[in-house]
Every structure is written in structure tokens, then in C-alpha cells.
1. Give, in nm to one decimal, the length gained when the segment between R208 and E146 is fully stretched (0.36 nm per residue of separation minus the Cα-Cα distance).
2. If you take the beta carbon distance between L51 and R104 as r and set R0 to 22 Å, what does 1/(1 + (r/R0)^6) give as a FRET efficiency, to the nearest 0.05?
3. Would you please put 67-78, 203-214, 29-40 in order of how densely packed they are, using the mean number of other Cβ atoms within 10 angstrom per residue and starting with the highest?
4. Select from the range 97-192 those trypsin sites (Lys or Arg not before Pro) which occupy a DSSP coil region and have at most 11 other Cβ atoms within 10 Å, ordered by residue number.
5. Using only the Cα atoms of the range 2-204, each taken as one equal point scatterer with no solvent, compute I(q) by the Debye sum, divide by I(0), and report log10 of the ratio at q = 0.19 Å⁻¹.
6. Which length gain, in nm to one decimal place, applies between N31 and E77 when the Cα-Cα distance is subtracted from 0.36 nm times their residue separation?
7. Residue by residue through the range 116-129, what is 3J(HN,Hα) from phi via Karplus (6.51 cos²θ - 1.76 cosθ + 1.60, θ = phi - 60°)? Round to whole Hz and write x for glycine and proline.
8. Taking amide H positions as placed 1.01 Å from N in the peptide plane, with prolines and chain starts having none, which residues 5 or more places from E67, or on another chain, fall under 5 Å of its amide H?
Amino acid sequence: FSLMMPTCGEWFKWWRGPARKVTLVMVGLDNAGKTTTVKGIQGGEFPSKVLPTVGFSKVDVKQDKFEVTIFDLGGGERIRGIWKKYYPESHGVVFVVDSSDIRRIQETKATIAEVLRHPWVSGKPVLVLANKQDHEGALAVGEIIEHLSLEKLVNRNQCPCQVEPCSAVASCGKKADGPIENGLNWLLRSIGEDYEAIRERVRRDTERQRAHEERENTYHKRYESSHVFHTHPDILISCLSRAGSPWS
Ligand SMILES: Nc1nc2c(ncn2[C@@H]2O[C@H](COP(=O)(O)OP(=O)(O)OP(=O)(O)O)[C@@H](O)[C@H]2O)c(=O)[nH]1
Ligand SMILES: [Mg+2]
């Protein structure tokens, strides 16, 4: 499921061309290490305390010829509903797994399956970071692939995929050449090799999302106006009188 390599001429044309804007969405269960990973990509020192992300945080980084916007989304169960709002504008996905949390591996499996089969995600490149490898007893890459049935999942959804074992904590404040950097470079290269097609896909998905939201708004407006109709004072009075109101 890997993408075709471009020719030397195409590479040369690309390197001489303008910087490419890429949007990535970073998802995964709460506590997986997404925000710590993003801090590492930004090149900062190891953060002494990382709070759970409520909603999202947006980070801009420059990587080679790419201007990258990363949406680091909160992974808490009640926040996951917002993830899909970021799928249409994303060129690729980073899914972070806590490799040391074997108790939640089934939840991780169900969550990644839901992300990859979403119509605004399938077909796009996905980087899976098997994080927290510094923990004793962390699942190795092979075990993660097996537990998540990843091969079947990416083939079914036509998502080019790479899995990198890493430790976001260990990579913070270090020169950017570790597994997270390798993974990010792979993801950007995959997007770069198919840039025009993915850009067109992003344009189409964003348009569909807008149309979908407009339809929902119209529905809500209609619902609100019918709600107003049902609470009309005359109707309220007639309900009260049926219930044996003292005024009847
Ligand atoms: N040992 C170890 N701890 C890590 C690693 N990455 C993150 N952590 C710790 O795991 C905890 C959660 O990290 P976050 O980066 O906040 O996780 P998150 O995925 O952003 O969580 P939400 O924002 O709630 O979705 C923090 O205490 C981090 O210090 C790692 O590679 N190794
Ligand atoms: Mg976070």
C-alpha cells in the first residue's frame, strides 16, 4: 500500500517550487502522549507538566519545504466527537498509541478503526506513533500491529501507513532526528508525492462538510421554529385545561 516514488525531475521541480501548506490532525486516546509529541516536534524542552487537552490546540511548524499546521485534539471520550470536524481539511493523520497501556488496547483498536473508516479520512496517509516505548513492558511494534489488526484496517481503507516506535518524553529537547521526526518526514513525503490529488480531495471534503453543516443548520432552524409553535400560549392553555386546570 505504499505510494509510487516520483521521478528525479518531479523532485527537482518540487524543491524549486513554493512551500507547500499541509494540515495534519493528531488523534488518539486521552493520555496517549499527543501534546507531548507536538511539544517535541516544536523542539521545546521536556514540559514539566502536560495538562489534558480540552478541545484542541493548533501548532504551526516548518519542516523542509512544508508549512505544517498540526491540530492536536483532545482524546477524552467526550471530546472525540469533535475530531471529525477537522478531518476534511487534513492532508494526513497522526494516530498516537500508548504502547504501555495494554488495558486500553481494545478501546484503541475500536477508535483507530473508526477514524480510518471515516469517509473524510480513508485513503489519506496515516502515521501511527507507538509511543511510551521507554516504559518497561510496552508493546513492541509487531504486537501493536497485531492487537489493532492494522494491516487489515489500512488495506481495507486504502490508507498508506507507517508505524514508528517512539518515546515522546525521550525525544523532547533533542535534535530532531529520532523516530518521531522520521515518521513525520515519511508522512510529509507521502503527502508530497501525491500532493495535487490530496489537495483536491481536501477541497472536495471541505465543500461537502460545509454543505452538510448548512443542511444541519437549516434542520435546526426548522426544528426551533416548530418548537416555538408547540409552545404557543393557546396550546399551553388547552393542555392545561385537559389536565384539569383550576381555570377551566
Ligand atoms: N513515560 C512516558 N510518558 C509519556 C510519554 N509521552 C507522554 N507521556 C506522559 O503521558 C501523560 C499524557 O501525555 P499528553 O501529552 O498530555 O497526552 P495526550 O494524548 O495529549 O492526552 P489528551 O490531551 O488528554 O488527549 C503525561 O503525563 C506525559 O508526561 C512517553 O513517551 N513516555
Ligand atoms: Mg493533549
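1. 18.9 nm
2. It comes to 0.65.
3. 29-40, 67-78, 203-214
4. K175
5. Log10 I(q)/I(0), no solvent term: -1.49.
6. Difference between extended and current length: 15.4 nm.
7. 5, 8, 5, x, 8, 10, 4, x, 8, x, 10, 9, 9, 9
8. R20, K21, V22
Here, each number is a calculation from the coordinates, and none is a lab measurement. Please read all numbers here as calculations on a predicted model, not as lab measurements. Note: ideal-geometry Cβ built from the backbone for every residue, glycine included; neighbour counts use all protein chains shown.
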